[in-house]
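Here is the structure we will look at.
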Amino acid sequence: QFPKRIALLGSTGSIGRQTLDIVRSFPDLFEVVALAARSNVQLLAEQVQEFRPSLVACLADTPEVERQACELLPGVVLGEQGLLAVATLAEADVLVTATSGLMGLRPTLAAINAGKSIALANKETLVMAGHIVMEAARQNNVSIVPVDSEHSALWQCLHGERTEDIRKLILTASGGPFRTASLEEIQAVTVEQALAHPTWRMGQKITIDSATLMNKALEVIEAHWLFDIPYEQIEVVIQPESIVHSMVEFQDGSIKMQASLPTMHLPILHALSYPLRPNTADKGLIRELSWPQVAQLHFEELALERFPCFCLAVEAGRRGGSYPAALVGADEEAVALFLEGRIDFPGIARVIEQVLERHDPIAQPDVATTLEVCDWARKMALDLCTQKLV
Ligand code: NDP
Ligand code: MG
């Protein structure tokens with residue numbers, strides 16, 4: 001089973017670079033066979049130099065990136081075709097989906113249908129198409145292993161347990177930078193403040209989603225699909241230090257929790273090395289948790305009135321059908337509009353609410369319909385903003 005041959009989508013991003021840190025630290029366990037990114041050709045070329053994959057892809061969303069990619073990356077496969085080629089490469093054992101946003105869905109499904117196991121970071125994929133992705137995984141008998149830290153924690157707590165013995169999944173949330181802010185303060189939040197996460201360093205989209213707690217709602221939906229647990233049995237609790245990554249309460253009253261200092265290196269390693277637990281002590285990636293840190297842990301209830309995005313999103317998840325796809329599209333555009341300074345921070349929730357209100361739901365959307373709904377929601381969000389209706 002080892003060395004495991006890894007295909008990596010989104011290698012230039014936060015998760016992608018940390019995945020390569022893990023490969024670099026455990027050369028006996030892992031080998032990179034394919035890399036894909038969107039626009040950071042310079043870094044992708046450095047990664048190719050170092051890891052020598054047999055396939056390189058670049059989405060290249062502008063002619064300038066395309067020109068640069070052809071110059072710096074001999075043999076590069078461009079466009080969505082490239083992402084699909086990376087996802088289905090014959091010699092790969094596992095696909096790490098670490099792209100941000102909507103682009104992960106088709107390649108992930110292609111990889112599942114090609115019999116690859118999936119280490120999934122891109123939560124939007126499961127949120128918008130959980131019914132399709134999980135069914136495809138069942139049919140192809142492949143595992144979808146979580147990279148997201150909360151889901152990795154739940155998965156670790158569930159090793160060796162039976163689904164019917166679960167009473168509750170309890171996801172932890174740091175609460176983001178505005179956990180203790182007043183409603184007035186939240187009205188006036190700047191982009192810079194929203195990007196300053198107290199405990200995690202991540203890509204921009206997920207950092208803004210963490211400030212609105214949209215991220216936590218997406219994780220509730222992700223957990224629902226990944227572990228096949230009804231929404232009524234999923235709770236969220238604030239854990240400001242981001243040391244307890246999530247918990248499972250069992251029917252006998254026992255609670256298991258997984259703890260470690262906040263770093264994505266650990267959940268990435270666990271997703272790739274399971275069932276092994278390789279020694280990280282001398283790798284310089286994962287610091288040890290000390291008892292004084294454990295003694296200072298806090299848990300708080302989530303103040304729902306401060307986080308309208310959380311409530312809107314969980315409701316969209318519960319409604320199911322095409323609502324989560326509309327949610328993902330609306331959020332993607334709303335976050336982009338906020339980052340461009342075109343709407344204020346509370347505007348993110350207003351945009352999403354209005355898009356969801358205008359959505360005509362479809363009960364069991366297929367892949368094409370799911371992506372169409374996402375696209376519709378993005379355009380609707382943009383229109384609402386351009387026409388100053390939010
Ligand atoms: P980043 O924005 O840091 O990186 C995104 C990566 O995806 C980059 O390599 C980028 O390429 C690439 N990319 C973006 N759009 C496309 C596209 N359309 N086609 C191909 N490649 C694309 O994101 P993160 O690493 O922070 O997050 C990745 C995913 O993991 C997200 O879904 C996020 O929710 C999830 N996640 C992230 C965590 C974190 O700690 N960062 C924690 C848990 C989950 P390029 O840079 O070359 O343009
Ligand atoms: Mg998370």
I want to confirm something. Restricting to the range 46-67 and keeping residues that are within 11 Å of ligand 1 (Cβ to nearest atom) and surrounded by 15 or more Cβ atoms within 10 Å (Cβ to Cβ), which single residue is farthest from I6 (Cα to Cα)? V65
Condition first: farther than 17 Å from M214 by Cβ, out of contact with any strand residue (DSSP E or B) (no Cβ under 6 Å at 6 or more places or on another chain), β-branched (V, I, T) and at pLDDT 95 or above. Can you find one or more residues in the range 304-315 that meet it? no
Can you work out which of the residues in the range 358-390 that are farther than 21 Å from L102 by Cα and of a type outside the set (V, I, T) is surrounded by the most Cβ atoms within 10 Å (Cβ to Cβ)? L389
Being assigned to a helix (DSSP H, G or I) and of a type in the set (A, V, I, L, M) is the filter here, so list the residues in the range 332-360 that pass it. A334, V335, A336, L337, L339, I348, A349, V351, I352, V355, L356
Give the residue that is nearest to ligand 2 (Cβ to nearest atom), with candidates limited to residues of the range 262-302 that are within 21 Å of the chain's Cα centre (by Cα) and small (G, A, S). A271
Residue ranges of helices (runs of 4 or more DSSP H) in the range 183-237 with at least 3 members within 16 Å of ligand 1 (Cβ to nearest atom) and either surrounded by 21 or more Cβ atoms within 10 Å (Cβ to Cβ) or without any contact (Cβ under 8 Å) to a residue 24 or more places away in the chain (or both): 204-212, 214-227
Within the range 119-144, which residues are aliphatic (A, V, I, L, M), over 23 Å from I362 (Cα atoms) and within 13 Å of ligand 1 (Cβ to nearest atom)? A119, L120, A121
Among the residues of the range 9-39, write down those that are more than 9 Å from ligand 1 (Cβ to nearest atom) and not in a helix (DSSP H, G or I). F26, P27, D28, L29, F30, E31, V32, V33, A34, L35
Which of the following residues is under 22 Å from I118 (Cα atoms), aliphatic (A, V, I, L, M) and either touching a strand residue (DSSP E or B) at 6+ places or on another chain (Cβ under 8 Å) or buried (at least 18 other Cβ atoms within 10 Å of the Cβ) (or both): L78, L20? L20
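The values are calculated or read from the model by the stated rules, or taken from the named source; none is laboratory data. Bear in mind that the values here come from a model prediction, so they are computed numbers and not experimental data. Cβ: placed from backbone, ideal geometry, glycine included. Neighbour counts: every protein chain shown.
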